[in-house]
Structure formats: C-alpha cells, structure tokens
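The values are calculated or read from the model by the stated rules, or taken from the named source; none is laboratory data. Only a predicted model underlies this, so the values are computations on that prediction, with no experimental measurement involved. Here the Cβ positions follow ideal geometry from the backbone for every residue, glycine too, while neighbour counts run over all protein chains shown.
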Amino acid sequence: MPYSNGIITAPVSIYDVQRALGSSSPDLGTLCKSSMINMFAKYKPVRLNLINTLGQWDFTTNKWKDTATWWKGTDLNCGVAFNSFGSFANAKSAVDNQSAVWNSILPTGGSSQPYRLTDFAGYNHRANPSGMISAQDLYKDMSQYRVFLMAEDDEDALSFDDIIYYNSSSNPRLSTYYFTAVFVNTSDATKIYGYSATETLGDGGYTITIPKNVYNPPITANGWAVGTYKVYCFFTSAKYQDGASNIGSWIPLPGNRISSASADSRAGLLPTEMNVIVSTNYLDASYTLTNTGSGYIINWRIEEYGTLKNQDCTLKVYANGTQEGSTRTITSWTTDSGSDCVYHQSTAIEGIFMQNGANYRLEFTVVYNYVTYTKTLYILNPV
C-alpha cells in the first residue's frame with residue numbers, strides 16, 4: 001500500500017500525503033508547508049533549488065539511492081534548526097518550561113524552493129531521533145556508571161549523524177559538540193553533577209562513563225549525595241566534568257512536540273530520574289565486543305552483590321527495541337575473589353551476535369524478597 005503505518009511508499013499521491021498528515025487540503029504547496037510534517041523524517045519537503053530529484057531514485061528497489069543527498073537541502077540542514085543557550089541554567093530553564101528548541105525549516109515555493117510531491121516518498125510520520133536515554137539507579141561500589149544516547153536505527157528517520165555536520169551563522173556544527181548529562185538533586189538543587197562523553201559527537205561520543213573513583217567512596221556530601229536526581233541531557237560545546245566547566249553553548253536534545261506551533265517545533269527532552277542508593281544489594285554488568293570480521297559479538301558479564309548473590313537472574317535481549325529470542329535464565333555463578341560478588345561471564349555459546357545496524361539493550365533482572373532489581377546495558381552497534 002502507498003501509505004501504511006505512518007510511512008508513505010512510492011508512487012506518492014496527494015491522497016497518501018493527506019492521510020499521513022491528517023490534512024484535507026488537495027494543494028501540494030499547502031501540504032509541503034504543513035505544520036504536521038515531522039521534521040525528523042529523513043524524506044520530507046526541504047528547501048532545494050531543484051525541480052526534479054528522480055535521478056537519485058532507485059527504480060529497482062523503489063527507494064531512494066544510498067547516495068541520494070537531496071533530503072539534506074541546499075543548506076545541508078536536513079530541514080532542521082535548533083537554538084543554543086549560553087549556560088546550563090538557561091538551557092535547563094528552556095527544558096523545564098518546554099520552550100521551543102528545535103524547529104522545522106520548510107520550502108516556501110517558487111523557482112528557488114519548489115514544491116515536490118516526490119519529497120514525500122519514504123516519509124515516516126513517526127520518526128524519532130532521540131531514541132533511548134539510559135539513567136539507572138547508582139549504587140555504592142558499582143564499578144562505573146554510564147549514560148547512553150541511542151538514536152533509533154531507522155533508515156526513514158534522521159539520525160544525529162545526519163545533522164551534526166551542518167553549521168551556519170545560527171547553528172553550530174554539532175560534530176564538534178559533546179553529549180553531556182547533568183544530574184540535579186530533586187531535594188537540593190545545589191547538588192549538581194555534570195559529565196560529558198570523552199569524545200565529540202563527530203568521533204562517536206554517544207556514551208558517558210563516570211568512573212567509580214568519582215563517586216565512591218563514599219556516596220555522601222563529599223561525593224554523590226544520596227537521593228533522587230533529574231537527568232538532563234544536552235549537546236555542549238565544552239566538556240562538563242562535575243562542575244568544572246559551565247561554559248560554552250548548551251543545546252537540549254529534542255523532546256516533545258509543541259502542538260500550538262505553526263510548524264513542527266520541539267521542546268527540549270524532559271529529564272528522566274535516577275536514584276543514588278547506599279545499598280549492598282544490587283546488580284552490576286559490563287560487556288566487551290569481539291569483531292569476528294563478519295560482525296560483532298557481545299560478551300557480557302553480570303554480577304550479583306549482597307544478599308542477591310547466587311540468585312537466579314533473567315536476561316532479555318532487545319535489538320532496536322524488539323526482543324530477540326526467548327528470555328534466558330542464569331543459574332550458575334562464580335565467586336569473585338577480588339570483590340564481594342558472584343558473577344557469570346557469557347560463554348562462547350551465550351555471546352550475542354549483533355545484527356547489522358542494530359543497537360542492543362540487555363536487561364538483567366533478579367526478584368528477591370518481592371523486590372525487583374534490574375541492570376540494563378545499552379550497546380551501540382559500531383557498524
């Protein structure tokens with residue numbers, strides 16, 4: 001079908017676009033300027049001084065060629081603009097107030113920005129660039145704490161890799177920015193801890209790792225204060241390391257759509273919550289990747305601490321959000337002589353082969369005395 005489940009498939013008709021956007025207008029120009037167009041769809045109307053883009057179409061596969069570039073537009077902005085802020089306080093305020101941060105750039109018609117019905121070929125009305133932000137509870141003695149930014153792996157959606165290399169007088173080149181998480185204590189806003197990825201976005205810096213010696217020992221006023229924290233996520237022009245740097249530009253990640261806007265506008269991503277807990281009962285996990293030449297294998301390790309030691313643990317594996325295979329149960333454990341835990345290291349058979357282009361989520365769960373303990377690993381595909 002030309003239109004199904006939010007996606008328009010060629011050949012495109014005005015009726016397909018009307019259904020996707022929920023519009024009754026039969027006018028192509030009106031549809032190409034619709035406020036309902038999802039700015040994070042990869043294929044959508046953009047400002048481009050070109051009447052016909054079918055030279056970039058693969059008639060055999062009925063899709064745009066891998067080498068197609070029309071969707072980036074004349075200015076290579078992919079139809080997206082964003083605001084930056086001069087401080088964490090201002091950026092946080094924009095997120096808290098749900099002010100517009102990300103805005104759609106649509107064509108205006110005429111010879112320099114013509115309307116093209118074919119721009120809607122492959123349009124995904126449900127495209128979402130932010131994907132998953134992991135922010136789990138932090139326990140005393142954990143080996144490390146990580147925050148991951150995982151953009152959805154969807155060929156019909158813009159990825160941050162698509163837009164981070166664009167810059168102009170108003171939009172910086174995000175490839176030089178850092179993925180940054182700031183933790184704000186909900187009971188005492190003066191307790192703020194911020195950390196950035198060690199690499200820029202252009203160099204693949206989508207993971208923030210906070211070493212054990214940063215927060216332990218102890219989790220107290222000298223380190224992380226026990227309590228609940230809101231986790232705000234940004235792209236920043238400078239590294240933020242536990243308050244050492246609060247300079248440069250701050251760009252909130254895109255979040256909720258602002259319904260009252262005349263074009264697609266997104267507020268900053270609302271914070272998720274995590275807890276800092278002084279407890280001897282918790283799970284910890286880690287992984288390594290092995291390159292086989294034909295793909296990568298995830299070698300995982302799960303550790304149980306405190307009274308959780310030697311308890312059965314379940315493992316669910318998700319590839320791009322869909323569970324892969326059945327739920328596994330881990331029942332065999334080895335005592336770690338170097339720390340107060342037992343662990344299970346995946347065997348050659350238990351290693352997980354990563355599908356090409358798929359990002360993975362591993363969820364370990366133990367239920368003990370009616371309390372559920374969970375540890376999740378988010379793993380970006382290197383390919």
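Are there strands (runs of 3 or more DSSP E) fully within region 137-217 with at least 3 residues that are modelled with pLDDT of 75 or more and over 27 Å from GLY338 (Cα atoms)? List them.
178-185, 192-196
Anything in region 335-358 that is in a loop (DSSP other than H, G, I, E, B) and either among the acidic types (Asp, Glu) or touching a Gly at 6+ places or on another chain (Cβ under 7 Å) (or both)? List them, or say none.
So the first thing to find is which residues in region 335-358 are in a loop (DSSP other than H, G, I, E, B), and the list is 337-340, 346-351, 354-358.
Scanning region 335-358 gives ASP340, GLU350, MET354, ASN356.
Check whether at least one residue in region 359-368 is closer than 30 Å to ASN83 by Cα and not in a strand (DSSP E or B), and report yes or no.
Yes, the conditions are met somewhere in region 359-368.
Please verify whether LEU362 is buried (at least 17 other Cβ atoms within 10 Å of the Cβ), closer than 30 Å to VAL95 by Cα, of a type in the set (A, V, I, L, M, F, W, C) and at pLDDT 90 or above, treating the condition exactly as stated.
Considered against the rule, which asks whether it is buried (at least 17 other Cβ atoms within 10 Å of the Cβ), closer than 30 Å to VAL95 by Cα, of a type in the set (A, V, I, L, M, F, W, C) and at pLDDT 90 or above, LEU362 comes out as yes.
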